[in-house]
Amino acid sequence: MSAILVTGADLAPQALDLLQDFDVVYAGKTPTEADLVALARQHDPVAIIVRYGKVGPAVMDAAPSLRVISKHGSGTDTIDKVAAKARGIEVVAAVGANAAAVAEQALALLLACAKSVVPLDARMHAGHWDKATHKSLELGGRTVGLLGLGAIGQRFAKMADAMGMRVIGFDPYAKDLPAYIASVDLETIWRESDAVSLHCPLTDENRGLLNADTLAKCKPGVIVVNTARGGLVDEAALLAAVRSGHVRGAGLDSFAVEPMAAGHPFQGQERIVLSPHIGGVTSDAYVNMGVGAARNVMEVLARRTVTAAENVGVT
């Protein structure tokens, strides 16, 4: 029986139903490269479903039968796609499977920042009543700038539009956008946005996209939300902008180094709302991502089998 390696501790039962003809091997919740290399050598999987950890050349070379690497989600930055292509290994993602979950998390973080949810909660629990002194930010009528207009970005845009926000976005690859999203350039995003929300994949070209220079171009009092990838943000620059007051608040679900280590400078900052990269972690998204990843594996393997059979027939 061919093996499928999962870089995690589990898969949704609905996904396992699709993979019942395979031996599914789990690497655990925090697999290292050495763990994955050892398991790949032991089981020689035809597919890897990526949940946690990174899959690079060493892991690929340890599995001669490997045909497909399938992401349990939409972001493939933890997979060395250049190395995979060089080895004839397909990389696929469950695009859109967690779009609703991540978009809702982004909205929750935006609202938490605009309405001071976390500090007011702490003050109330400490016995204070700040009604006479506190002013929240009303989002209706304000502009939100989206960086990335894929499934997640467009889902978030629809919710922001329903709240009465003006939605502008930058994505050179997006086509056929709904009427409530105005496609603009990056300079317009920085200049006109009252809130900036990141929804793009991390690439070498956009690493550190939100940095001291781009933050300085933003409106005073801008809100920053990141539910995409931590590498998109220069964390030191964002921290300085929050401390100076140029950034009103930041809602962050992803970070340059994960998990976040104790003593990180974001910790204890009143106007930075943190969550542990759980935007896509809901019971529904767990099933959707697992099923999407499993289906992608099955489709690629089926296509490869047909192609191989045809090649044999030709020869």
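Quick note: the coordinates plus some simple rules give every number you see, no bench work behind them. Given the structure is predicted, the values throughout are model-derived calculations rather than measurements. Note: ideal-geometry Cβ built from the backbone for every residue, glycine included; neighbour counts use all protein chains shown.
Quick notes
- One chain, two ends: V25 and A216. Fully extended at 0.36 nm per residue, the span grows by 63.9 nm beyond their Cα-Cα distance.
- Net charge dipole size for the chain [Lys, Arg +1 and Asp, Glu -1 on Cβ; Debye, nearest 20]: 580
- Where a label projected 7 Å from the Cα of T188 along Cα→Cβ would reach, residues of segment 116-155 with amide N under 16 Å: 143-149
- Loop-resident chymotrypsin sites (Phe, Trp or Tyr not before Pro) (DSSP state other than H, G, I, E or B) in segment 129-177 with no more than 13 further Cβ atoms inside 10 Å of their Cβ: W129, Y173.
- Segment 16-159: C-alpha pair distances exceeding 22 Å, %: 57
- Shape of segment 22-78, Cα gyration tensor, a/c cut at 1.5: rounded
- Signed unit charges on C-beta, dipole axis of the chain, positive-most listed residue V196, G96, Y173: V196
- Ranked by the mean number of other Cβ atoms within 10 Å per residue, highest first, peptides 10-20, 230-240, 118-128 order as 230-240, 10-20, 118-128.
- Dimensionless Rg over Rh [segment 99-274; C-alpha; Kirkwood]: 0.96
- Cα centroid separation, segment 127-197 to segment 220-273: 18 Å.
- Computing Rg and Dmax of the Cα atoms in Å for the structure here picks out one of [x] 21.7, 83; [y] 24.9, 92; [z] 19.9, 60, namely [x].
- Cut-off 15 Å between beta-carbons: net charge of the residues surrounding E138, Lys and Arg +1, Asp and Glu -1: +4
- Whole-number percent relative contact order across segment 99-274, with pairs defined as alpha carbons under 8 Å at least 6 apart: 22
- Sparsely packed trypsin sites (Lys or Arg not before Pro) within segment 163-233, loop by DSSP, other Cβ within 10 Å at most 16: K175, R207
- Of the GluC sites (Glu not before Pro) in segment 179-224, those whose Cβ has at most 11 other Cβ within 10 Å and which sit in DSSP loop: E205
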